[in-house]
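Inspection log for the structure reproduced underneath, given as structure tokens.
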Amino acid sequence: MKTTQITVRNVDPALKQRIDKLAKLKAMSINDLVLEALRTKVGSSPSDNPISWDRYSGIMDKSAINQGVLDDFGVIDPRMWKISPDDRS
């Protein structure tokens, strides 16, 4: 597939900062983030890969993590594993 390079000028500092932050949160390069935004806005997708892997990869912002739920994963339910109180260390 032949590609073309485009240069975007006059990007204000606030927009640049937002692009950098979103790229970092999505674990994407700035180029891939901008291409994804353009494809979404213009309504195009690359012909060889219409579904982008990062959209379905499960990457989330740290604020979306509920620490209480994560803490529950570290607790063993003795009834489920048939551990008697004497076996616990």
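The values are calculated or read from the model by the stated rules, or taken from the named source; none is laboratory data. Model, not experiment: these values are computed from the prediction. Note: ideal-geometry Cβ built from the backbone for every residue, glycine included; neighbour counts use all protein chains shown.
The table that follows gives values for the structure above.
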quantity: Residues of the range 19-41 satisfying the condition of being within 18 Å of residue 5 (Cβ to Cβ) and surrounded by 11 or more Cβ atoms within 10 Å (Cβ to Cβ); calculated: 19, 30, 32, 33, 34, 35, 36, 37, 38, 39
quantity: Exclusive hit being of a type in the set (Gly, Ala, Ser), at pLDDT 65 or above and outside any helix (DSSP H, G or I), set 44, 89; calculated: 44
